[in-house]
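S.K.: Quick one: the structure is below, questions incoming.
The values are calculated or read from the model by the stated rules, or taken from the named source; none is laboratory data. Quick caveat, the model's predicted, so the values are computed rather than measured. Positions of Cβ are backbone-derived with ideal geometry, glycine not excepted, and every protein chain shown enters the neighbour counts. Surface areas here come from the heavy atoms of the whole protein model, side chains and all, with no ligands, DNA or RNA. Shrake-Rupley method; radii C 1.70, N 1.55, O 1.52, S 1.80 Å.
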Amino acid sequence: MIEFYFVMIAMGLMLMSLLFEIERPEVILASTLMVFVLTGIITPAEAISGFSNEGMLTIALLFIVAGTIQKSGIVDRALQRLLKGATSNHHIMARLLPPISLLSGFVNNTPIVIAATPMVKKWCEDKGISPSKFLIPLSYATILGGTITLIGTSTNLVVHGLLIENGHKGLSFFQLSAVGIPITLIGLGYLIFCSSALLPDRKVNVMTETEALREFTGEVLVTRDFPYLNQSVKNAKLRSLKGLYLVSILRNNRTIAPVSSATHLHEGDLLLFTGDISTITELQRVKGLELQSSSGSHFPEDHRLIEAVVTHHSSLLFKKIKDTDFRSQHQAAVIAVHRQNHRLKAKIGDIILKPGDILLMIVGDEFSKKKRSADFYSITHLDEKLVTPKQIQKGWLAIGLFAVMIGLVTSGILSMLTAMAITTLLLFLFKFVSPGELQNQIQWHVLLMIACSFGIGLALTNSGVATSIAHFLMNLASPFGLVAVLLSIYLLTNIFTEMMTNSAAAVLMFPIVVEVSKTLQIDLLPLAIIVAISASSSFMTPIGYQTNLIVYGVGGYRFKDFIKIGAPLTVIVMIVTVFSVRLMWF
């Protein structure tokens, strides 16, 4: 009994920590798992059991396959063609959303949204339309499409692995389509015809335009009287100015950006500062520094600027920018931070980063070579991506190989794990992907959260909490019939997924539906399908699904915007899912 209440309290604290974003999700889940191990609720072997789950291993391999296809530029080119020629809101929705939903049934939806977001945003800017009318539907379309196939989302594969562990056959490749296709078609109809009226017409400032940047930058010329000529920026005490940040130096028509502490200052250098520009006049008191035109007429045009969204699992979260060693880690300098469509006015270095923050950065030559996907999603192109005919050819070959493997899985010749292992091996042998890319394409934080969730799920089972929740659901819903039981499973899963990652929600719900299946003596498979669909259907908050987080700041959305458009879609998907399962399996 002590174990029961301890697990209940620990789970409550874990959910609250996730809800209020006290730490990164994988840290919270790993910490909870360690507490259960140290208190003896689960054994060390049970704690690491998730790392060998078939679904999780398949997800790891799928990251590599999807990453290889994304790298070829084929997806980007397809999206550009879809946008070309669109004339109205409904027209672009009808052209863009159905193909994106279909694509997300086979390719990870996160890179699709990352690729499509800047394109849609640019199209909106050219047409003078607010991107807030399109970006949430873009995210939702990929979520809906992910329910069509076994590989549409990591959640489907996790549930597949859990079924196999519990002695079931698992899901076939298109088994989810019986539910996924109806909810996708009806959901897309809702987005195409109703979303425009529900979404705000909220114009977002283009942060990366040079003119916009000039509004909060100032320039200072280094003259021959400067006492720190040929000395470092650190020695000149220009690194820790109150309210100001040195982001670049223009020297002989060459830009030095970002500027390190060891960079030496020369006569004639034009220093570009950002931050609280009202305090830049204080530099005039320093001998040898002359304030230049406030209009920013000397602003160097070859600065490379990008915007990026801070992810939920970023190592930068809940830290001051100055404490993250940002410049050396990413070869970039942050010159502005936007949160919920407002630029933060505090000194850049003192800003504590949160999920969904948009960073405006000046980047160095090494930026594109750095691994940065774990910390933020890029939402503007660094420059035009050059894709060679050879890369495109490799991309089509990878797609062909992928299609063959899907055919073998569908026909029952190979298991999903075996097919993805063979595909990955062939991509490596044919040099479609390098060893370094293998490491970078796998989203390790996702795998860690899923693996930890397996151990936490076992803690729910061992302590009796899963059985207790299952009995509570049945006592509450059984008097109203089977449909009420199915609805209660959907609702509880959906509540979990709005507070944590979709895969973690599915893993935590699985032992509960196992108990429901045993008690009511009904098939586990349809209950598992409801869990898979519901865990992926995160529409009412920007934090429940990573594609929602990507579009959150870019579209200038507020939290209530997701509730306004997401609540009806949640009800639609829930009703269609429950009645489809009731009709197909009972």
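S.K.: Once the piece of chain linking S196 and S328 is laid out straight, how much longer is it, given 0.36 nm per residue of separation minus the C-alpha distance between them?
M.R.: 43.2 nm
S.K.: Rolling a 1.4 angstrom probe over the protein chains, ignoring ligands and nucleic acids, what is the accessible area of S328 in square angstrom, nearest 10?
M.R.: Solvent-accessible area, nearest 10 Å²: 60 Å².
S.K.: I want to check the label-to-label distance for F430 and W396. Put each point 7 Å from Cα in the C-beta direction and report it in nm to one decimal.
M.R.: Rounded to a tenth, the inter-label distance reads 1.3 nm.
S.K.: Scan segment 411-517 for chymotrypsin sites (Phe, Trp or Tyr not before Pro) in coil per DSSP, keeping those whose Cβ has at most 14 other Cβ atoms within 10 Å, and list them by number.
M.R.: Passing sites in segment 411-517 are F430.
S.K.: Same structure again: Pairs to check: K354/K560; K237/K345; K320/K345; K237/K322; K71/K319. Give those whose C-alpha atoms are more than 20 Å from each other in this structure.
M.R.: K237/K345; K71/K319
S.K.: Within segment 18-115, report the trypsin sites (Lys or Arg not before Pro) that DSSP leaves as loop and that have at most 12 other Cβ atoms within 10 Å.
M.R.: When the trypsin sites (Lys or Arg not before Pro) of segment 18-115 are filtered for loop state and at most 12 Cβ neighbours within 10 Å, K84 remain.
S.K.: Only helical DSSP H runs with n ≥ 4 go in: add -39500 (n - 2.57) per run for the chain, normalise by residue count and round the 222 nm mean residue ellipticity to 500 deg cm²/dmol.
M.R.: Rounded to the nearest 500, it is -17500 deg cm²/dmol.
S.K.: If I take all pairs of Cα atoms in the chain, what percentage of them are more than 39 Å from each other?
M.R.: Result: 33 percent of Cα pairs exceed 39 Å.
S.K.: Excluding ligands, DNA and RNA, what is the solvent-accessible area per residue of the chain at a probe of 1.4 Å, expressed in Å²?
M.R.: Here the per-residue accessible area is 41 Å².
S.K.: Please compute the modelled spin-label separation between M34 and N230, points set 7 Å along Cα→Cβ, answer in nm with one decimal.
M.R.: Output for this residue pair reads 5.2 nm.
S.K.: Please compute the modelled spin-label separation between E125 and M8, points set 7 Å along Cα→Cβ, answer in nm with one decimal.
M.R.: 5.4
S.K.: I'd like the Karplus ³J(HN,Hα) series for segment 124-137: coefficients 6.51, -1.76, 1.60, θ = phi - 60°, whole numbers in Hz, and an x wherever there's a Gly or Pro.
M.R.: 5, 4, 5, 8, x, 10, 6, x, 5, 7, 10, 6, 4, x
S.K.: Out of all DSSP beta bridges in the chain, what portion is antiparallel? Express it as a percent rounded to 5.
M.R.: Beta bridges within the chain, antiparallel portion: roughly 100 percent.
S.K.: Also, I was wondering about something else. Taking the chain as the reference, fit the longest principal axis to its C-alpha atoms, fit the long axis of helix 502-520 to the helix C-alpha atoms, and give the angle between the two in degrees, 0 to 90, nearest 10.
M.R.: On a 0 to 90 degree scale, this one is about 10.
S.K.: What's the FRET efficiency of L476 with T43 using the Cβ-Cβ distance as r and R₀ = 30 Å, to the nearest 0.05? Provide the component values of the computation, followed by the final result.
M.R.: On the way: r = 33 Å, r/R0 = 1.09.
Here the calculated transfer efficiency is 0.35.
S.K.: Still on this model: Assuming a viscosity of 1.567 mPa s and a temperature of 4 °C, what translational diffusion coefficient in µm² per second does Stokes-Einstein assign to segment 446-542, Rh being the Kirkwood radius over Cα pairs?
M.R.: The estimated diffusion coefficient comes to 97 µm²/s.
S.K.: Between helix 74-83 and the chain, what is the angle of the helix's C-alpha long axis to the longest principal axis, kept within 0 to 90° and rounded to the nearest 10?
M.R.: Between helix and principal axis, roughly 80 degrees.
S.K.: Report ³J(HN,Hα) in whole Hz for each residue of segment 165-171, in order, from the Karplus equation J = 6.51 cos²θ - 1.76 cosθ + 1.60 where θ = phi - 60°; Gly and Pro get x.
M.R.: 4, 9, x, 9, 6, x, 8
S.K.: To the nearest 10 square angstrom, how much accessible area does W123 have with a 1.4 angstrom probe?
M.R.: 20
S.K.: Quick one: accessible surface of D201, probe radius 1.4 Å, all protein chains present, in square angstrom to the nearest 10.
M.R.: Probe radius 1.4 Å; accessible area of D201 about 110 Å².
S.K.: How many percent of the accessible area of segment 487-545 is carbon or sulfur, using a 1.4 Å probe?
M.R.: Answer for segment 487-545: carbon and sulfur cover 66 percent of the accessible area.
S.K.: Another one. Need the C-alpha centroid separation for segment 421-459 versus segment 15-43, integer Å.
M.R.: Each part reduced to its Cα centre gives a spacing of 22 Å.
S.K.: For segment 470-487, what does the Karplus curve 6.51 cos²θ - 1.76 cosθ + 1.60, with θ = phi - 60°, yield as ³J(HN,Hα) per residue in whole Hz, taken in order and with x for Gly and Pro?
M.R.: Ordered by residue, 3J(HN,Hα) equals 4, 5, 4, 4, 5, 4, 6, 9, 3, x, 9, x, 5, 4, 5, 5, 5, 5 Hz.
S.K.: How would Y140, Y245 line up by accessible area, probe 1.4 Å, largest first?
M.R.: Values: Y140 0, Y245 50 Å².
Most to least solvent-accessible, the answer reads Y245, Y140.
S.K.: Taking amide H positions as placed 1.01 Å from N in the peptide plane, with prolines and chain starts having none, which residues 5 or more places from F376, or on another chain, fall under 5 Å of its amide H?
M.R.: For F376, the qualifying residues are T311.
S.K.: How many angstrom lie between the C-alpha centres of segment 467-538 and segment 166-200?
M.R.: About 18 Å separates the Cα centre of segment 467-538 from the one of segment 166-200.
S.K.: Within segment 1-102, list the chymotrypsin sites (Phe, Trp or Tyr not before Pro) lying in a DSSP loop whose Cβ has at most 15 other Cβ atoms in a 10 Å radius.
M.R.: Counting only loop positions with at most 15 other Cβ atoms within 10 Å, the chymotrypsin sites (Phe, Trp or Tyr not before Pro) in segment 1-102 are F20.
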